[in-house]
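All remarks here apply to the structure that follows.
The values are calculated or read from the model by the stated rules, or taken from the named source; none is laboratory data. On a predicted model such as this, the values are computed, not experimentally measured, just so you know. Note that we place each Cβ from the backbone using ideal geometry, even for glycine, and neighbour counts take in every protein chain shown. Side chains are part of the model used for accessible areas, which takes the heavy atoms of the whole protein and leaves out ligands, DNA and RNA. Shrake-Rupley method; radii C 1.70, N 1.55, O 1.52, S 1.80 Å.
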Amino acid sequence: MSTHTIDLLTGLNNAQSEAVLCTEGPLLIVAGPGSGKTRVVTHRIAHLARECHVSPYRIAAVTFTNKAAREMRDRIATLQVPDSDSVFAGTFHAFCARMLRRFGEGVGLDSNYTIYDSDDQFGLIKQAMQMADVDEKLNHPRAMQGIISGAKSVLMDSVGLAKQAQFEDELSKEMAARVYHYYEELLGRSNAVDFDDLLMRAVQLLQENADVKEEYQRRYHYLMVDEFQDTNIAQYRLARLLTGPDQNICVVGDPDQSIYSWRNADIRNILSFQNDYPDARVITLEQNYRSTRNILDTASSLIANNGMRVPKELTTENAAGADVVIHEAYTQEEEADFVGKEILELARRDRIKPGSCAVMYRINSQSRSVEEACLRLGIKYRIIGGVQFYRRREIRDLMAYLCVLHNPQDDVNLARAINTPARGIGDKTIQDLRSWSLSKRLSVFEAITAVSQAKSAGLPCPAPLAARAYTAVARFGDLLGRFSDLKAKLPMSDLIDLLVKEAGLEAHIRKTDTNPEERMENIQEFISLAAEYESDSPEDDLSAFLERASLVADVDNYEESEDTLTLITLHQAKGLEFPVVFIVGLEEGLLPHSRSMDSNAELEEERRLCYVGITRAMERLYLVRAFQRRMWGNTSATLPSRFLEEIPENLIRYARSPGAVTVPSTSSRTGYDRSLTTWESTAVDQEPKDPVYVPEVGHTVKHDKFGSGLVVSCEEWGSDYQVEVCFDGGELRRLLLSYARLEKVEFY
Ligand SMILES: Nc1ncnc2c1ncn2[C@@H]1O[C@H](COP(=O)(O)OP(=O)(O)OP(=O)(O)O)[C@@H](O)[C@H]1O
Ligand SMILES: [Mg+2]
C-alpha cells in the first residue's frame, strides 16, 4: 500500500471493523441511526475491491432513494476504489430496470419498454375499470391502484388476488382483481411496466430462467442491501435470488427507522433473513457518531414511546451541544419566515452556510411556504422529492413524444402527445382510432401511420373518421413519421430541440402558460441534460436517457452547493445527514398525519418518521410548528404534535424570534412568546393568573401583536374560548383566548 492510500480500518470502531472484515457468507447488521451502517457498507465495498481483489464489477449495493445511492457512490469513490463506477450502487428499481432492458424478453417485454409513473398508471387503471365494468363512483381508482400495487409487492398476480379475495370474501379486492387483469392487458399492449412491475418482472425473470439467474449470481458475487428494514417482499425475494451459493449477502438496517409500511415494506424481513440464513453473522453497532448528545437524547426519548420495538441503547461520545429549539409561529407563513431568517442568522452569526441546513416536512405541499420565504429572503434552495423536474408538465409533454418515438406501441404517451398542443383531434376521434386499431390488430401509432399514408396517396380515409379529423390525424402522422426518421440521424439534443419547435410545444407554452419563461427554461434544461448525457455516454441511446428520466428525481441534476438549502420530505431524508435540521409542521394531523390517528401501528410509524427526521441532525435541531394552518383550503387552529410533548423539557429551548435562541436566559422558557401558541410549558404557567376577561361580540379588543379589532364571535372551546377578531387592517383571525391575551378597549 502506498503512503497515500487511506487505511480502510483506521476510521472504524471494533464492531464496524469486524463487519468490514466479515466478507464471506451472510451478514446482518442491525443498528440505530448514525452508528455507521452505511459507512460499513462503503468501507466493506472498498475492502473487497482493494484488499480482497474482488473486481468492482462483481459488487452490488442497493439502497432506497436516488439521493442515498448517489451519496454512496461518492463515498465509494473517495475511498479510492479502483474503477469505482463499475460497482453497482443504486436503487432496487434501477437495478431491475437495467436487468429488464437486457433480458426483458424472457418475460415478454421488448427492450424498449416504457416505465409508467403513478399518473400514467392512474389513467390506465381508470381505463381498466371501464373494461372490467367496475363503477368509479363506488370504487375509487386510487383504492384499486393501492390494492393492485399491494398485490404486486407480494408478487401476486390477478389470479392470485382473485383467489385471495374469494377466500377473504372481500368485495373490493374481488373488483380489484378484475381491474388488475385488464390493467395488465393494457400495460402489455403498450409494452410498458409500472414501478411495482420492475421488481415483480425481475423476480419472475430470475425465477423462470435459471441461466439468467446464474449469470447474475456470478456477476454480482457480493450483494449489499442498505436500509433493509424498508424492503418489501418482492425486493427481499429479488435479493435472495441474486444471492449465489456462496451466500455473500449483507443486509443492513434499523427497525426503528422503518417508514414505508404503506408501500408494503415489511420489517418482518429482518426476521425472515435470520430464518433463511441461519448461519448469518449478526453484528450490532452501538455508538452514534452523527449527532450531539442533546439531539440523540431527544430522539431516544421520542422513540421510547413506541410499544412495538426492541429497546436499544445508543451512546455517543459527542458533546451535549446546543439545546434543541422549539418555535411556534402563528401561521405557516410565519413558520417559514422564522426558518428562513434563522438560516440567515446562522450564516451571519455562526458561519453555518445554508448548504449545511435542511428543512424537512411531512407532506410535499408544505414546501411551498418555505420556498416563498426563501425567495423573499434571497436564500437559494432545492427541493428533493417534491414536484420533480421530470414530473413537470412541460417536461412530461415533451417526454411523451420521445417515448412514442422510442416505443411506438406506447398508447398512453401517444394519447398525451396527440393533443398537446391541441390539434383538433377530439376524444371521439381518439376513441374511433383506438377501436379501429384494435379491430385491425394495429397499435394506435400504426393506425395513425396508415391514415397519413392514405392521405398522402390521395386515398379515402381507411379508418372511420370525419373529413376534418382525417386531415388532422394525417398531419400528426406525418410529424411522427418525420421524427421517427430523424431519430436515427440527429443527436438527441438536436432532435429534441427541433421537436419542441415543430410539434408546436413552444408556441403552445407561450400561448397558454402564465409563466412561459420558466417553462421554457425547464425545456432548455432538459435539452442540455440530453446533450450532457450524449457527451458522457455516447454509446447510450434514447432508451437509456428515457430510463434515467423515468427513474431519477430532480436531485441528480443540481450541483450541490454550500449556499443551497435543501427542502426535503421526511421520507426522502432517510439515510442522509445535515449539520442543521428544521422539522416544520409539528402538529396533530400533520405529524402525526391525520390518516394515522385510528391505528396504533400507523401512529408508531409516524413516530418513527419523526425519529428519522430528528436523527438526521448533526449539530442543531429545530422543531417548528404553526398555530394556525391552511390545509385543503381551510384555515384552522392546530394542536401541537404529541411528539413535542414526548421530548423532555431539559433538552429544549423556545425561540421567540430568529436569532433570539442564543441569548442566554435564566429560565429557559422566558424567551417564549406565549401569545402565539397553544404549547403549554410548566415554566410559563407559573406566572400569576389575572381574572379572565371573556370578550363579547361587538367589543373592541387589543392584541399585543395584531393591534385592535372588533370581536365577531366568541365560542367555548373545551375549557377555553375561541375568539374571532376582525383586526383594523381588515384581517380576520381566529384566536384561543387563553393564549391571545386580549384586552378590552374602553371608549370614554
Ligand atoms: N468510526 C467512526 N468514526 C468517525 N465517524 C464515523 C464512524 N462511523 C461512522 N461515522 C460517521 O457518522 C455518520 C453516520 O454514519 P452513517 O451514515 O454510516 O450511519 P448509519 O448507521 O448508516 O445511519 P442511518 O441509520 O441514519 O442511515 C457519518 O458522518 C459517518 O461518517
Ligand atoms: Mg445509513
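Observations
- Heavy-atom accessible surface of segment 361-502: percent carbon and sulfur, 1.4 Å: 54 percent
- Summed over the residues of the chain and divided among them, the accessible surface reaches 44 Å² per residue at a probe radius of 1.4 Å.
- Anisotropy class of the chain from Cα gyration tensor, a/c 1.5 cut: oblate
- Ranking by accessible area, most exposed first, for THR10, THR471, THR512 with a 1.4 Å probe: THR10, THR512, THR471
- Carbon and sulfur %, accessible surface of segment 69-214 computed with the full protein complex present, 1.4 Å: 47 percent
- The calculated FRET efficiency for the pair LEU442 and ASN419, based on their C-beta separation and a Förster distance of 25 Å, comes to about 0.80.
- Helix runs (DSSP H) in the chain reaching 24 Å along axis by Cα, Kyte-Doolittle at least -1.0: 171-189, 332-350, 467-489, 516-536
- Share antiparallel - DSSP beta bridges, the chain, percent rounded to 5: 35 percent
- Computed over segment 64-122: relative contact order in percent, which uses C-alpha pairs under 8 Å that are six or more apart: 26 percent
- A helix-only calculation puts the chain at -14000 deg cm²/dmol for mean residue ellipticity at 222 nm, using -39500 (n - 2.57) for each DSSP H run of at least four residues, averaged over all residues.
- Across the accessible surface of segment 263-350, with the other protein chains kept in place and a 1.4 Å probe, carbon and sulfur atoms take up 48 percent.
- Cα-centred dipole magnitude for the chain, charges only on beta-carbon of K, R (+1) and D, E (-1), debye, nearest 20: 980 debye
- Relative contact order [Cα under 8 Å, 6+ residues apart], the chain, whole percent: 15 percent
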